[in-house]
1. Lys and Arg at +1, Asp and Glu at -1: add these up for the other residues within a Cβ distance under 13 Å of Glu286 and post the number.
2. If the label point is 7 Å along Cα→Cβ of Arg300, which residues in the stretch 187-211 have backbone nitrogen under 18 Å from it?
3. Step by step: find N for the stretch 104-159, compute 2.2 N^0.38 Å, then divide the Cα radius of gyration by it. What's the final number?
4. Just want to confirm a number: the relative contact order over the stretch 104-159, from Cα pairs under 8 angstrom separated by 6+ residues, in percent.
5. What ranking do Arg186, Arg203, Arg83 get, fewest neighbouring Cβ atoms within 10 angstrom at the top?
Amino acid sequence: MNHARHFLVLTVAGWLQRRLEAQIEYLIAENALYRQRLGRARLRLTDAQRGRLAIKAKAVGRKELMRIATIATPDTILRWYRRLVDQKYDGSHKREPGRPRVRRDIVELIVRLATENPRWGYTRIRGTLQQLGLSVGRSTIARVLVEHGLTPAPERGRRMPCRTFLRAHWGAIAAMDFFAVEVLTRVGLVRYFVLFVIDLKSRRVEVAGIVQQPHEAWMKQVARNLTDATDGFLRGRRWLIHDRDPLFSAGFRTTLGTQVTTIRLPARSPNLNAHAERFVLSIKSECLNHVVPLGERHLRLLVSEYVAHYHFERPHQALDNAPVVEKTHRTASTGAVRRHRRLGGLLNHYERAAA
């Protein structure tokens, strides 16, 4: 009796298995027809649909999926399942905010302190910040300096910026340079050279000479004029910056004497003599490029008029828009505005008329 019951159960189970396999084969064939009708069009599923399909696929197993899956590959379906598991245990939305970032104004202050004081280390910068009411750790200061490309104090202190050096010696440095001007003469265009000296602190300019063919004897005389004990422009100056023009010869440097030390700039580095280059740009763009110099006498007039305008009338941004030479009288704040002309109105200056 028991054997007959077992046989009946096995028979029914086998019949059910065959029916399920037939149903699966039919569904596979039907899905294949749907895929053929869709062609290469991609079937787009929502996240919820992918989730339901992934859960069902996990119960079937990879081996069986290889046989029956048609919408996506088994690897894709199982990847959907793993994503569902990851989302279940994802706690990132429950995390609290980490360490707050350093405020921008504090970062800018750290960079400023390190730049303006190249020999200061992390501890010195931290102490200064504490005096200013800011509490910042040494590691934070180190990280900020690294992010802004600033090296630690020992190495940073060995590299003094050119601007810092100039400001430390402000008032003792002058710069010298030539610029050329084409002058229209009776014999045609003739090139003249203008030699000038500029004081870096006050921006005062001295035209040392205008000549057609500069030579060493002329340069020595210029050196004697500039170092004259009574009214020499280089009195009180310690260093003179110039380029590597052969006219700045050993004889010229010897004539300057021991009180003025010359500094020869590297080749092709006009940016190291920026103040002199800026004066050349100013006199050419504001005056000489708009006039045809008719002979040497006319050139001298143009240069002298511009230098007077440069010293007494022209506002300088580096001097807070004040002229190089301050006025002895106070400018009126009311009254009619009057125009003062130089070179026929090429150079203009405006002042209020005294009441």
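Each reported figure results from applying straightforward, stated rules to the coordinates on display, with no laboratory input. Here the structure is a predicted model, which means the values were calculated and not measured. Note that we place each Cβ from the backbone using ideal geometry, even for glycine, and neighbour counts take in every protein chain shown.
1. That sum, taken over residues with Cβ under 13 Å, equals +2.
2. Answer for this model: 190-197, 206-211.
3. 0.99
4. About 41 percent, as a whole number.
5. In increasing order of surrounding Cβ atoms, one gets Arg186, Arg83, Arg203.
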